[in-house]
Amino acid sequence: MMGWCKKIWGRSAEPSFNIPVLCYHSWTVNGHDYGINDHVSLEQDLRVLAEQGYEIISPLALVELIESGASAAATKGKKLVCLTFDDGRDYDYCDYVDKKWGPVKSFHKILTESADYISQFDSGPRGLSFVIASPEARSILDSECGRGRDEWRDAWWAECAAEGILGIANHSWDHVHDVVQQVRQQDNRKGSFFAINTFADAESQIAEAQTYIDRMTNGKALPVFGYPYGEAPEYLVKEYFPQNGKRLGLRAAFSTEAGYATRDSNIWNIPRFVCGFHWKTQLEFLDLLKAAEQQTKSAHEAPLDVREILDEPAAPDPVEAAPVEANLVEADLVVENPAESLLVTEVSDAEPIVGDLFRRRFFTDSFPDTPCHYIAFIRYRDGTLCPVGYVHYTLTGQVALCGGLVIDNRQFRKLPKQFRQALHESGGIAEALLRESFQRLPESISTIWGHVGDLQSEKVCLRVGFERTREKYLLVVWRKSDLPGEERERLIDHVAAMTPF
């Protein structure tokens, strides 16, 4: 396969730093174990980070590294990590006692105590809380998604911001959350921040939220933005923030696109890893750290390979890759009906096609050895196929365990804008991949199961037919509607014992 030439002006051969930015949610309390209680996960992760020789870098210091285009020399000999928390529920700052699980340390207290065993790279806050501005939206979220005890307040913001341990930053006006009756989006489109793609909507969701949060923190709001659902609309990344960021007092924005913060990161789309989604166990967390260290080491020790500049692989791929964006025109694709250009198929050996994507996104050296592998391809009129998504299923008896769902955002961004928009409006790659793979599973499968801790992923799963169970993160598709209640309860217990998968 021929490689293609990328823009390389302004790029030096100096290696870049690789800093993991971690994201936790304080409302994730479903027991005392790692992976189902983010307070437990955070505290244990900090201990692991300390043992591995990491230091905490404040979000603002990280932004300054990226803005300055600093080389790895600025952080030579340092292993750094940045900590963020989404949604701004009271548990970010306030300890509380859960009726079922007992005392719960706030993120603020965990960060405060961590100063005794993990050092800091700079003098800024040890982490930041992305908070939702709208009092009305927070009240509805507290009632619909919380415990209805007025635990989504802004009363603690000013005190927290003044202390300097946990910073406060903008997470939009109302999160365009689907439980809020009327959101600040011109068509009242909810459930996805990709709907914020006009100046008017951006002003309502971002500018007005920044004004409110800045006032409630006595002018101490941190100058960064956290995209709701981690979704970074192209309009905001490429137009709104670059043109209006200075006016708003904002310097950077964070998504939840898996990846490390580097010298080359887009300042308006700094990637993060989400606890419970990008990693669920301590072993997976260690793999995430290991991958960052290996990339940094390789950057320091290896000379720049011309194949990297040309994006040319060492050996031919088994599937011909798509052309460069400059050569992609809408005539190459069926924009009016993107389903005709999206092909989902089962393959017996998926690793040669999506192995690198899977390992990159899940930070592992292995690839799943499961019976059923499904790949989503973008199909061009000339027959070229470009892999853009993957999911696998483990079959045990009449049960199918769904896992490994991953979308190749790099390839997705190379598609023409109109096609991306049409594909998104039709449900997106993940939704199509799940629907099509369901249909291809053996008829003998009576239930399909998913273990999901990410809100946006859960929304996709619910749209394709998954249902919630009494187990917080466990979702199911009942393919046989006549299963008796006792059998359903038995299956829930049986599959819950196998999570996470």
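Considering only region 432-453, how many residues are among the charged types (D, E, K, R), surrounded by fewer than 16 Cβ atoms within 10 Å (Cβ to Cβ) and in a helix (DSSP H, G or I)? Full working, then the answer.
Residues of region 432-453 that are among the charged types (D, E, K, R), as a first pass: 435-436, 440, 443.
This time we only want the ones that are surrounded by fewer than 16 Cβ atoms within 10 Å (Cβ to Cβ), so: 435, 440, 443.
Remaining after also requiring in a helix (DSSP H, G or I): 435, 440.
Total meeting the criteria: 2.
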Worksheet item: Which is surrounded by fewer than 15 Cβ atoms within 10 Å (Cβ to Cβ), under 30 Å from PRO228 (Cβ atoms) and hydroxyl-bearing (Ser, Thr, Tyr), of SER481, SER426?
Response: SER426
Worksheet item: If only one of GLU489, GLU467 is without any contact (Cβ under 8 Å) to a residue 12 or more places away in the chain and in contact with a strand residue (DSSP E or B) (Cβ under 7 Å, 6 or more places away or on another chain), which one is it?
Response: GLU467
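In region 68-127, which residues are assigned to a helix (DSSP H, G or I) and surrounded by 17 or more Cβ atoms within 10 Å (Cβ to Cβ)?
Pass one, region 68-127, residues assigned to a helix (DSSP H, G or I): 72-75, 90-92, 107-114.
Once the filter is applied, which keeps residues that are assigned to a helix (DSSP H, G or I) and surrounded by 17 or more Cβ atoms within 10 Å (Cβ to Cβ), region 68-127 yields ALA72, THR75, ASP90, TYR91, ASP92, PHE107, HIS108, LYS109, ILE110, LEU111, SER114.
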Worksheet item: In region 407-431, what residues are on the phi > 0 side of the Ramachandran plot and either assigned to a helix (DSSP H, G or I) or of a type in the set (A, V, I, L, M) (or both)?
Response: GLY428
Worksheet item: From the set of residues in region 358-376 that are over 21 Å from ASN409 (Cα atoms) and either β-branched (Val, Ile, Thr) or in contact with a Ser or Thr (Cβ under 8 Å, 6 or more places away or on another chain) (or both), which is surrounded by the most Cβ atoms within 10 Å (Cβ to Cβ)?
Response: CYS372
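Scan GLU308, GLU312, GLU320, GLU239 and give me the residue that is assigned to a helix (DSSP H, G or I), at pLDDT below 90 and at negative phi. Quick ask: steps written out before the conclusion?
Numbers: GLU312 fails: assigned to a helix (DSSP H, G or I); GLU320 fails: assigned to a helix (DSSP H, G or I); GLU239 fails: at pLDDT below 90.
Residue meeting the stated conditions: GLU308.
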Fill in: Residues that are within 18 Å of the chain's Cα centre (by Cα) and β-branched (Val, Ile, Thr), drawn from region 29-48
ILE36
Worksheet item: Given (1) at pLDDT below 95; (2) among the acidic types (Asp, Glu); (3) under 30 Å from ILE110 (Cα atoms), where does ASP178 come up short, assuming only one miss?
Response: (3)
Worksheet item: What number goes with the only condition from (1) closer than 28 Å to GLY35 by Cα; (2) surrounded by 19 or more Cβ atoms within 10 Å (Cβ to Cβ) that PHE241 does not pass?
Response: (1)
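For every residue, the table says whether it meets (1) in a strand (DSSP E or B); (2) farther than 18 Å from TYR96 by Cβ; (3) hydroxyl-bearing (Ser, Thr, Tyr); (4) under 25 Å from the mean Cα position of the chain (by Cα).
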| site | (1), (2), (3), (4) |
| --- | --- |
| ARG138 | no, no, no, yes |
| SER143 | no, no, yes, no |
| GLY148 | no, no, no, no |
| TRP152 | no, no, no, yes |
| ALA155 | no, no, no, no |
| ALA158 | no, yes, no, no |
| ALA161 | no, yes, no, no |
Practice prompt. For region 51-74, state whether one or more residues are touching a helix residue (DSSP H, G or I) at 6+ places or on another chain (Cβ under 7 Å) and modelled with pLDDT under 90.
Written response: yes
Discussion item. Regarding region 242-250, can at least one residue be identified that is among the polar types (S, T, N, Q), farther than 19 Å from ARG420 by Cα and either within 24 Å of the chain's Cα centre (by Cα) or assigned to a helix (DSSP H, G or I) (or both)?
Written reply: yes
Fill in: Residue, nearest to ASP214 (Cα to Cα), within region 128-164, restricted to residues that are surrounded by 14 or more Cβ atoms within 10 Å (Cβ to Cβ) and among the basic types (Lys, Arg)
ARG153
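Take the conditions assigned to a loop (DSSP other than H, G, I, E, B) and either surrounded by fewer than 19 Cβ atoms within 10 Å (Cβ to Cβ) or modelled with pLDDT of 85 or more (or both) and apply them to PRO387. Does it pass? First the steps, then the outcome.
Details: assigned to a loop (DSSP other than H, G, I, E, B): no; either surrounded by fewer than 19 Cβ atoms within 10 Å (Cβ to Cβ) or modelled with pLDDT of 85 or more (or both): yes.
Criteria not met by PRO387.
The values are calculated or read from the model by the stated rules, or taken from the named source; none is laboratory data. Everything quoted here is computed from the prediction, not taken from an experiment. Methodologically, a virtual Cβ is constructed for each residue, glycine included, from the backbone with ideal geometry; neighbour enumeration extends over all protein chains shown.
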